[in-house]
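Have a look at the structure below before the remarks.
The values are calculated or read from the model by the stated rules, or taken from the named source; none is laboratory data. Bear in mind that the values here come from a model prediction, so they are computed numbers and not experimental data. Cβ sites come from the backbone with ideal geometry, for glycine too, and all protein chains shown count toward neighbours.
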Amino acid sequence: MGKKLSGRDLIKLGFPQNNSINVTLGQINRYQKRKKKEQILLEAKQVLLHPENYKGDGVWGKIAESLLDPVLVTKQVLNSVRAPFQIFGENDIDEKAKYQLFDALKLPVAVAGALMPDAHVGYGLPIGGVLATKNAVIPYGVGVDIGCRMSLSIYPIPTSYLKGKQHQLVNILSEHTKFGMYETHKVKHDHEVFEREEFKTIPLVKRLKDKAYKQLGTSGGGNHFVEFGVVSIEDEKNEWDLPLGDYVGVLSHSGSRGLGANIAKHYTYLATKQCPLPKHVQQLAWLDLNTHDGQEYWLAMTLAGDYAKACHDNIHKRIGKLLGARPVATIENHHNFAWKQQVNGEECIVHRKGATPAEKGELGIIPGSMTAPGFIVRGLGNQESLASASHGAGRLFSRRKCKEKFTKSEIKKQLQASGVTLIGGGIDEAPMAYKNIEKVMANQKELVEVVGTFTPKIVRMDK
């Protein structure tokens, strides 16, 4: 018997001569490399004899599924008619983003869709795209940065503090926030999210645990930020009974770091293998939620979202401690995620890729740019938008275009004119890269109502 497990070994063991052999070899090569061949064969024999006992198991579950109820790989054909949809602020959205949504609406699993007024071209679904599907989840419909989210802490501190203590606040953001691929906190904090079962039972996630632990409380590159600014409460019937007026706020934007990126990459690969689509829409490949991989992705996605929240909680906890103050209100929301939601009376999977959940009464934050206000909003539960709103102002120019179009001195002028101090931040995040947030908000009056605003004053981004 050779050292390496082969299909012949599995056939000798009694495996049927079908795709279960490929599935078994794939899982073993991926997750059981260090085990001895004899041990693997003993375990494989048990799965073959009692596959029902291994359903949902991180390693053997997929093999059990291939024996009990094999996933049928059939070439998918797009429908000729689009599922119902609605576009908000249509005149300000580029045609390519619309066509990306139109392609998604022709998927056999599509139920309904919507495009938010900040929409622009993305991978798979457009950024600002919302898509409801039937019992299917599209990893690229959620995006690479799973659980990318906003978090705002409002402090009972007079706004004069932002000017009077500017040097100390710049120092807090410079020294106590970490960005990009390599920066991590010297003093690591623990969090209950690391006790979760998924870190033990899903092999891919288990391998990512150390990285996730190191990156806790850090932010990604690109458009991710931590900011001090002025919160203005404008709705006297606000949820926290805060008097109208101005407060100091801390606003953060980032997601699930390397954990989410690796989950997205892995399950997108599996989806493309199980769901062959025409080439131009291959990134919209989905996982059936009745399959092992579909259920596992859902668990991993949920974990990545909770981890993203843990990162924000850690950022705000560190800053709150340095401010020596407790927040009087916190508002937070994901904007890259998939939710189970009723659509036309049936449960669907609603993907929001760069869109804010806006169920009736649900609070959220829609940021502008580093020189434009963000908005604290309350959802109106509009069913035409699948109870969603924009996730920001949306890009007007791509990162490449920004580098061709703008200079550092132009950005400096804009920042000075707005009284904003910037730490880090590249030309690709120039304030001019973004659409006019006031116009975006005007295009979604039927989706959300404004509770207050956040005006950035000290902004920290990746260098």
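Of the residues Lys211, Lys200, Lys237, Lys206, which single one is basic (Lys, Arg), touching a Phe, Trp or Tyr at 6+ places or on another chain (Cβ under 7 Å) and surrounded by fewer than 17 Cβ atoms within 10 Å (Cβ to Cβ)?
Lys206
Within the range 412-427, is even one residue outside any helix (DSSP H, G or I), in contact with a strand residue (DSSP E or B) (Cβ under 8 Å, 6 or more places away or on another chain) and exposed (fewer than 15 other Cβ atoms within 10 Å of the Cβ)?
Yes; the residues of the range 412-427 include at least one that is outside any helix (DSSP H, G or I), in contact with a strand residue (DSSP E or B) (Cβ under 8 Å, 6 or more places away or on another chain) and exposed (fewer than 15 other Cβ atoms within 10 Å of the Cβ).
Mind checking which pairs have a first residue in the range 302-324 that is over 20 Å from Ile202 (Cα atoms) and touching a residue at least 12 places away in the same chain (Cβ under 8 Å) and a second that is surrounded by fewer than 20 Cβ atoms within 10 Å (Cβ to Cβ) and polar (S, T, N, Q), Cβ under 7 Å, 6 or more apart or different chains?
Pairs found: none.
For the range 333-350, what are the residues that are under 30 Å from Pro203 (Cα atoms) and among the acidic types (Asp, Glu)?
Scanning the range 333-350 gives a single hit, Glu347.
State whether one or more residues within the range 428-451 are under 25 Å from the mean Cα position of the chain (by Cα), among the small types (Gly, Ala, Ser) and closer than 21 Å to Val230 by Cβ.
Scanning the range 428-451 turns up no residue that is under 25 Å from the mean Cα position of the chain (by Cα), among the small types (Gly, Ala, Ser) and closer than 21 Å to Val230 by Cβ.
Return the residues of the range 234-252 that are among the hydrophobic types (A, V, I, L, M, F, W, C) and outside any loop (DSSP other than H, G, I, E, B); say none if nothing qualifies.
Matches in the range 234-252: Val248, Val250, Leu251.
Here are some conditions: (1) over 22 Å from the mean Cα position of the chain (by Cα); (2) within 23 Å of Ser219 (Cβ to Cβ); (3) crowded, with 19+ Cβ neighbours inside 10 Å. Leu380 meets all but one. Which one does it not meet?
(2)
Residues in the range 120-147 that are in contact with an Asp or Glu (Cβ under 8 Å, 6 or more places away or on another chain) and either modelled with pLDDT under 95 or not charged (D, E, K, R) (or both): how many?
Adding up the residues that qualify gives 7.
List pairs: first residue in the range 30-45 and β-branched (Val, Ile, Thr), second residue surrounded by 14 or more Cβ atoms within 10 Å (Cβ to Cβ) anywhere in the structure, Cβ distance under 7 angstrom, at least six positions apart or on different chains.
Every condition considered, the pairs that remain are Ile40/Leu5; Ile40/Ile28; Ile40/Gln32.
Hey, among Val459, Val450, which residue is in a strand (DSSP E or B), surrounded by fewer than 20 Cβ atoms within 10 Å (Cβ to Cβ) and not hydroxyl-bearing (Ser, Thr, Tyr)?
After applying the criteria, what remains is Val450.
Under 8 Å between Cβ atoms, at least 6 apart or on separate chains: pull out the pairs that start in the range 139-152 with a residue that is touching a residue at least 40 places away in the same chain (Cβ under 8 Å) and under 13 Å from Ser219 (Cα atoms) and end on any residue that is of a type in the set (D, E, K, R) and outside any loop (DSSP other than H, G, I, E, B).
Taking only residues 6 or more apart or on different chains, the pairs are Gly147/Asp306; Gly147/Lys309; Arg149/Lys309; Arg149/Glu332; Met150/Glu332; Ser151/Lys309; Ser151/Asp313; Ser151/Glu332.
Condition first: assigned to a loop (DSSP other than H, G, I, E, B) and among the hydroxyl-bearing types (Ser, Thr, Tyr). Now tell me which residues in the range 173-188 satisfy that.
If the condition is that a residue be assigned to a loop (DSSP other than H, G, I, E, B) and among the hydroxyl-bearing types (Ser, Thr, Tyr), then Thr177, Tyr182, Thr184 are the ones that fit.
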